[in-house]
Amino acid sequence: MTQVFKAEPYDLPFEPEHTALIIIDMQRDFLEPGGFGAMLGNDVSLLRSAIGPCKAVLDAARRAGIFVLHTREGHSTDLSDCPPTKVARGGLKTGIGAQGPMGRILVRGEPGHDIIPELYPIAGEPIIDKPGKGAFYATDLELKLRNRGIKTLIVCGVTTEVCVHTTVREANDRGFECVVVSDATGSYFPEFQRIGLEQIKAQGGIFGWVAPSSAIVAALA
Ligand code: TIU
């Protein structure tokens, strides 16, 4: 049955059975001190306001039986799936693959690479391990979505202008309709958070829609 997300720039119709929630990179490496986000020079506490709204949307999606997926940005232990340019970028002392307080930075299997406990996946919720910023690049995400007949994506996670934006742009070009949950996303830069959301919904929804978690939870109830 068709339902509606109250969203900007206009309401978005959706069918729950053809809708998925994707939570982008809510990993300790981005949200806790000592991880990749902190090593880049960021104040990771800025992202933590997204946790509560993410959890509200996740709980609503689980209750509604919506297909839920989680992503993690990171690399294999030998870094063979990491472009050397990505390791070199920024000239970091403790960069990708280096030992940090939560294990090797952005390396799969390390504590810092894993999803924060508040949003930990449960059985039946695929985890997409992605080497890039976009969740479609070099992953089987599109296959998993097409196999379930998914048309609409509810997108939460971090960071708004990096992995959320890249994923939404990839999804949009593949014909998926994305609603980005404003308070369930976060950036290390408040102005990028505001502008990042504006960019998605501008020009008649050039990349997609934006709605607060309260509107998503209400529509899924
Ligand atoms: N640095 C930054 O803002 N983000 C990332 O490196 N990855 C994600 O956004 N997940």
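Computed values, structure above
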quantity: Label-point separation in nm, Ala88 to Glu15, each point 7 Å along Cα→Cβ; calculated: 4.9 nm
quantity: Surface/4 of the Cα convex hull for region 135-190, nm²; calculated: 3.8 nm²
quantity: Set Lys6/Lys151; Lys93/Lys201; Lys55/Lys93; Lys6/Lys130 screened for pairs whose C-alpha atoms are more than 26 Å apart; calculated: Lys93/Lys201; Lys55/Lys93; Lys6/Lys130
quantity: Interchain or long-range residues, amide H under 5 Å from Ser182's placed H; calculated: Ala211, Ser213
quantity: Taking only Cα atoms of region 39-82, radius of gyration then Dmax in Å; calculated: 15.3, 40
quantity: Two-decimal Rg to Rh for region 1-88 - Kirkwood Rh, Cα set; calculated: 1.08
quantity: Whole-percent pair-distance distribution, where bins are 5 Å wide, for the alpha carbons of region 95-219; calculated: 2, 10, 17, 21, 22, 15, 8, 4, 1, 0
quantity: The chain, Cα convex hull volume normalised per residue, Å³; calculated: 112 Å³
quantity: Kirkwood hydrodynamic radius of region 1-46, Cα pairs, Å; calculated: 13.4 Å
quantity: Separation in nanometres of the label points that stand 7 Å from Cα toward Cβ, at Ala64 and Asp81; calculated: 3.0 nm
quantity: Positive-pole candidate from Val87, Val164, Gly196, dipole of region 83-221, charges at beta carbon; calculated: Val87
quantity: Residue-count net charge about Ala38 - beta-carbon cut-off 9 Å; Lys, Arg +1, Asp, Glu -1; calculated: -3
quantity: Charged-residue dipole, Cβ positions (Lys, Arg, Asp, Glu), the chain about Cα centre, Debye nearest 20; calculated: 120 debye
quantity: Per-residue [θ]222 nm for the chain (sum of -39500 (n - 2.57) over DSSP H runs n ≥ 4, rounded to 500); calculated: -8500 deg cm²/dmol
quantity: Radius, Kirkwood style, for region 61-168 when every pair of distinct Cα atoms is counted (Å); calculated: 15.2 Å
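Bear in mind these aren't lab numbers, they're just calculated from the coordinates by the rules spelled out. The model shown is predicted, which means the values in this text are computed figures rather than measured ones. Note that each Cβ is placed from the backbone with ideal geometry, even for glycine, and that neighbours are counted across all protein chains shown.
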